[in-house]
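Since the structure comes first, as structure tokens, the remarks are kept for the end.
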Amino acid sequence: MATYIARMMDSATGAEGSYKFEHRDDLMSRPADDVVAAFFEHADREVFTRGHVEYELNGVVKNKDMKTVVAIGSLHMAEDAGREPQPFTVFISAA
């Protein structure tokens with residue numbers, strides 16, 4: 001297991017959070033959307049405690065040399081049913 005850091009910004013409010021999570025050692029060798037999925041699996045359990053969160057990716061970029069992934073998209077919060085999705089940006093890297 002390895003430690004990763006995700007820095008997430010809420011594009012609507014400017015709120016920002018930094019989250020550490022554990023995942024397989026070779027996570028950064030996986031496709032970029034797999035890296036984002038690994039973070040959101042953690043976030044759904046540990047960060048978004050008010051309810052289930054789904055997300056839609058609008059773009060994702062991986063830098064293999066720097067072992068980073070940057071993604072933009074929209075959060076669909078279960079407790080916000082009927083509201084507009086929240087835009088987000090997330091930066092994920094090895095710790």
Picking from MET28, MET77, MET66, which is most flexible by a Gaussian network model of the chain using Cα springs under 10 Å? MET66
What are the aspartates and glutamates whose alpha-carbon lies under 13 Å from the alpha-carbon of LYS62, with same-chain residues fewer than 8 places away excluded? ASP33, ASP34
Scan (1) 50, 30, 14; (2) 73, 39, 18; (3) 39, 23, 20 for the value of Cα extents along the principal axes in Å calculated from this model and give just the label. (3)
Taking all protein chains together and a probe of 1.4 Å, list LYS20, LYS62 from the most accessible to the least accessible. LYS20, LYS62
With label points set 7 Å from each Cα along the Cα-to-Cβ direction at GLU46 and ARG7, the distance between them in nm comes to 1.8 nm
For region 2-94 the mean separation of alpha carbon contacts under 8 Å (6+ apart) over residue count, i.e. relative contact order in percent, is 33 percent
Compute the angle between helix 32-46 and the longest alpha-carbon principal axis of the chain, please, reported from 0 to 90 degrees and rounded to the nearest 10. 60 degrees
Could you give the nm distance between label points at GLU84 and ARG30, where each point is 7 Å from its Cα heading toward the beta carbon? 3.2 nm
Accessible area (Å², per residue) of the chain, counting only protein heavy atoms and a probe of 1.4 Å: 61 Å²
For region 1-88, which chymotrypsin sites (Phe, Trp or Tyr not before Pro) are in a loop by DSSP, counting at most 16 other Cβ atoms within 10 Å? PHE48
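The values are calculated or read from the model by the stated rules, or taken from the named source; none is laboratory data. Everything numeric in this text was worked out from a predicted model, so none of it was measured. Heads up, the Cβs are rebuilt from the backbone with ideal geometry, glycines too, and the neighbour counts pull from every protein chain shown. For the accessible areas, the whole protein counts, side chains as well, though only heavy atoms, and no ligand, DNA or RNA atoms are used. Shrake-Rupley method; radii C 1.70, N 1.55, O 1.52, S 1.80 Å.
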